[in-house]
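Just below is one structure, and these are the notes that go with it.
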Amino acid sequence: MKSEVMTTIASQTGAGLPLYAEGSIVSSPKRLARIAGLLYLAVGILGAFAFAAVYSTMYVAGDAAATASKLVANAGLVKIGVAADLIQVVFWVFLALTLYVLLRHVSGYAARAMVVLVAIGASISFLNILFEFQGMRVATDPAYSATVGAAGATAMALLMLKLQHYGYAIAGIFFGLWLVPLGYLAFKSAMFPKVLGIVLVVGGLGYLFDTLAAFVAPDLTPIIHPIAALLGIVAEVSLLVYLLVKGVRSPAASDDRPSSTASVPAPTSA
């Protein structure tokens, strides 16, 4: 039997930057970080368009006629928004997987928790997108009016968007929660400035409290929401810019320990 080929991998280089080997292909942490940055940028652009330009302009709380009228007048825009939202949620999942590969060496438990939280949030988001799309169909398809009447169809359209509205609020819990293990990983990894890890945790908690306030103390939402939104935006934009511009910290930028290389010899067999 042939001797097993020995693969020597530097488990940590410089400031604790790991190398990632997949067969004979080695992907640098900086390359993974840049991929994550591009995915994050796509999530931000598509998500902002779907929310600000489409969803938030369609739903009129408590007014079925106005909501249905907006859906009818902007059916094409709603379809584009649904497509953008679907794509950004898929990209969000791939973003989490990329960050998992980048940071799993720090803590497997935290990295897996991050991916699980994103998977749950993405599942809720997909359901919310379905509600929006169905609300548009109810408002624009004459078959619904013929079956339940015009008033029934408009009421059903409002119900669909109301479900999306509160579903989006529930998904907001996971929009925040996934940033907490991510912030922990960033803080412990030495691949990012420690302050960035702290900012991510604070931003994630801000999203969480904002969502809880919307259900438990809606009267406080006008006070809590601007602060929470600012904290979350600062956290996510800071990470996005760092991933795109810097990638990860270079060995020289680390204050943890000097360069070291650990070699792991593979066993041989007769």
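Can we say F192 is under 22 Å from L244 (Cβ atoms) and outside any helix (DSSP H, G or I)? Criteria met by F192. Taking (1) surrounded by fewer than 23 Cβ atoms within 10 Å (Cβ to Cβ); (2) modelled with pLDDT of 90 or more in turn, L239 satisfies each apart from (1).
Residues checked against (1) among the aliphatic types (A, V, I, L, M); (2) modelled with pLDDT of 90 or more; (3) surrounded by fewer than 14 Cβ atoms within 10 Å (Cβ to Cβ):
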site: V180; (1), (2), (3): yes, yes, no
site: I198; (1), (2), (3): yes, yes, no
site: G203; (1), (2), (3): no, yes, no
site: I223; (1), (2), (3): yes, no, yes
site: P251; (1), (2), (3): no, no, no
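Per the listing I129, I124, the residue uniquely among the β-branched types (V, I, T), more than 21 Å from V72 (Cα to Cα) and in a helix (DSSP H, G or I) is I124. Per the listing A139, A143, the residue uniquely over 16 Å from D85 (Cα atoms) and surrounded by 17 or more Cβ atoms within 10 Å (Cβ to Cβ) is A139.
Conditions tested, residue by residue: (1) of a type outside the set (S, T, Y); (2) crowded, with 16+ Cβ neighbours inside 10 Å; (3) assigned to a helix (DSSP H, G or I).
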{"residue": "K30", "(1), (2), (3)": "yes, yes, yes"}
{"residue": "A33", "(1), (2), (3)": "yes, yes, yes"}
{"residue": "V43", "(1), (2), (3)": "yes, yes, yes"}
{"residue": "A48", "(1), (2), (3)": "yes, no, yes"}
{"residue": "A52", "(1), (2), (3)": "yes, no, yes"}
{"residue": "A61", "(1), (2), (3)": "yes, no, no"}
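Taking the criterion of being in contact with a Phe, Trp or Tyr (Cβ under 7 Å, 6 or more places away or on another chain) and of a type outside the set (V, I, T), the residues of region 108-122 that qualify are A110, A111, M114, L117, G121, A122. Among the residues in region 171-178, are any not in a helix (DSSP H, G or I) and not charged (D, E, K, R)? There is at least one residue in region 171-178 that is not in a helix (DSSP H, G or I) and not charged (D, E, K, R).
A96 falls short on exactly one of the conditions (1) modelled with pLDDT under 95; (2) surrounded by 18 or more Cβ atoms within 10 Å (Cβ to Cβ); (3) in contact with a helix residue (DSSP H, G or I) (Cβ under 9 Å, 6 or more places away or on another chain), and that condition is (1).
The values are calculated or read from the model by the stated rules, or taken from the named source; none is laboratory data. From a predicted model like this one, the values you see are computed outputs, not experimental measurements. We place every Cβ from the backbone using ideal geometry, glycine too, and count neighbours over all the protein chains shown.
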